[in-house]
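Reviewing the structure listed below.
The values are calculated or read from the model by the stated rules, or taken from the named source; none is laboratory data. All figures in this text were calculated on a predicted structure; none of them were measured in a lab. Note that each Cβ is placed from the backbone with ideal geometry, even for glycine, and that neighbours are counted across all protein chains shown. In case anyone asks, the SASA skips ligands and DNA or RNA and just uses the protein heavy atoms, side chains included. Shrake-Rupley method; radii C 1.70, N 1.55, O 1.52, S 1.80 Å.
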Amino acid sequence: MFRRAILFLCLLGFIGGVIFWILSAPRGLDKSLIAELKQQGAIKSEIIAKGEQIFWASGCSSCHVDKKVLQEAKTSEDEDVIKTAKLTLSGGEAFKTPFGTFYAPNISPSEQGIAHYTLRDFALALTQGVSPKRQHFYPAFPYSSYKGMEAEDITALYYFMKTLPESETPNKPHQVAFPFDLRRGLGLWMQLNFYYTGEVELVKTNPEILRGKYLVENLAHCGECHTPRDALGGLEYSRWMAGGKAFEGAEKVPNISPSETGIAGWSEEDIITGLQTGFTPEFDSFGSSMVSVQENMARLPKEDLAAIAAYLKAIPPQER
């Protein structure tokens with residue numbers, strides 16, 4: 001009887017292990033996306049210029065530049081020096097969370113960065129959160145938002161980033177304790193928070209708002225900071241853009257939904273002006289990490305800023 005019980009428990013453990021292994025497995029790219037990437041890659045010379053616009057919209061420099069180097073560049077007041085600093089993605093920025101401290105990696109086109117990434121590797125990282133070595137990336141990398149990126153934009157960003165300055169700065173290892181250091185376990189987190197997510201409702205839709213939806217929800221990944229998270233670090237889509245406590249610290253992130261505690265008093269032109277200048281309608285200035293985000297947004301064409309404004313006024317209002 002005892003032996004049967006032991007065998008039964010072993011069998012259950014084996015079955016549980018198989019289920020865990022299947023559910024936590026990194027996923028590959030959709031065949032239709034692979035086909036689109038091939039098609040776009042064939043005309044790369046025509047879309048590299050667009051890649052810079054995608055770069056600024058996606059906020060790559062906000063996390064992956066060396067802030068000390070950038071600050072020194074700004075003291076020079078030389079626009080070319082400043083831009084070069086903002087394009088050198090050597091990484092190193094620390095993000096302290098309840099799950100550990102994560103360091104932004106070097107994503108410059110160097111051996112320490114993404115020199116070995118193919119276009120398919122790049123797309124896999126952005127849309128599935130999976131490395132070329134078939135390991136899950138930690139969701140400090142906002143692939144939950146980037147997963148909706150279009151093939152044309154992925155391709156343009158990839159080829160543009162291959163033209164950026166190289167940096168041989170080595171990556172810092174994340175400081176993550178057990179059980180969060182088990183990357184395979186991220187597959188279960190992704191089952192809950194990546195593969196199955198809520199759909200953001202809109203009060204109204206039109207082509208401009210839908211363009212804004214793509215910019216805000218995917219490229220600019222605004223919800224990653226402005227939407228509250230649950231105990232497991234997943235976004236609470238029912239409170240979209242409601243603000244709250246910053247995930248990586250004690251800082252308060254503002255509500256940017258069209259509610260009385262958000263931006264109900266802002267007109268669409270106020271939002272556009274804020275993204276262009278860094279000033280609110282009350283002539284207060286954007287602060288903290290939003291400074292870098294605003295500087296990136298200011299490089300976008302006004303029609304994209306107008307689309308972002310239209311979208312933010314079309315989402316349901318959320319009280320903090």
Report summary line: Over the Cα atoms of the range 198-320 the radius of gyration and the largest Cα-Cα distance (Dmax), both in Å, equal 13.5, 38
Report task. Please report, as a whole percent, how much of the solvent-accessible surface of the range 40-197 comes from carbon and sulfur atoms (probe radius 1.4 Å). Result -> 54 percent
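Go ahead and run the numbers for FRET between N171 and K96, Cβ-Cβ distance against an R0 of 22 Å, rounding to 0.05. The partial results should precede the final answer.
Values: r = 17 Å, r/R0 = 0.79.
Calculated value: 0.80.
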Report summary line: Karplus ³J(HN,Hα) for the range 183-192 (6.51 cos²θ - 1.76 cosθ + 1.60, θ = phi - 60°; Hz, whole; x = Gly/Pro) runs 4, 4, x, 4, x, 6, 4, 5, 4, 8
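Would you mind working out the accessible area per residue for the range 111-238, using a 1.4 Å probe, and quoting it in Å²?
On the way: 6230 Å² over 128 residues.
Computed with neighbouring chains in place, this is 49 Å² per residue.
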Report task. Determine which aspartates and glutamates satisfy two conditions relative to K213: a Cα distance under 19 Å, and not lying fewer than 8 residues away in the same chain. Result -> E150, E152, D153, E199, E201, E224, E236, E268, E269, D270, E303, D304
Requested in this report: List, in the order given, every pair from K50/K302; K83/K252; K96/K245; K68/K172 whose Cα-Cα distance in the structure shown is over 20 Å.
Outcome: K83/K252
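If you put +1 on each Lys and Arg Cβ and -1 on each Asp and Glu Cβ, how big is the dipole of the range 40-197 around its Cα centre, in Debye rounded to 20? Walk me through the numbers before you get to the answer.
Values: 16 positive and 17 negative charges, 146 e Å.
Roughly 700 debye for the range 40-197.
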Query raised in the report: Measuring from centroid to centroid over Cα atoms, what is the spacing of the range 184-230 and the range 235-314 in Å?
Result: 16 Å
Query raised in the report: If you plug each phi of the range 269-284 into the Karplus form 6.51 cos²θ - 1.76 cosθ + 1.60 with θ = phi - 60°, what whole-Hz ³J(HN,Hα) values come out, in order, with x for Gly and Pro?
Result: 5, 4, 5, 4, 4, x, 5, 7, 10, x, 10, 7, x, 8, 6, 7
Query raised in the report: Looking at A220, G265, S288, which one has the Cα that reaches farthest to the positive end of the dipole of the range 198-320 (charges on Cβ: Lys, Arg +1; Asp, Glu -1)?
Result: A220
**Report entry** Amide H contacts of I315 (H built 1.01 Å from N, under 5 Å, at least 5 apart or other chain)
**Finding:** V203
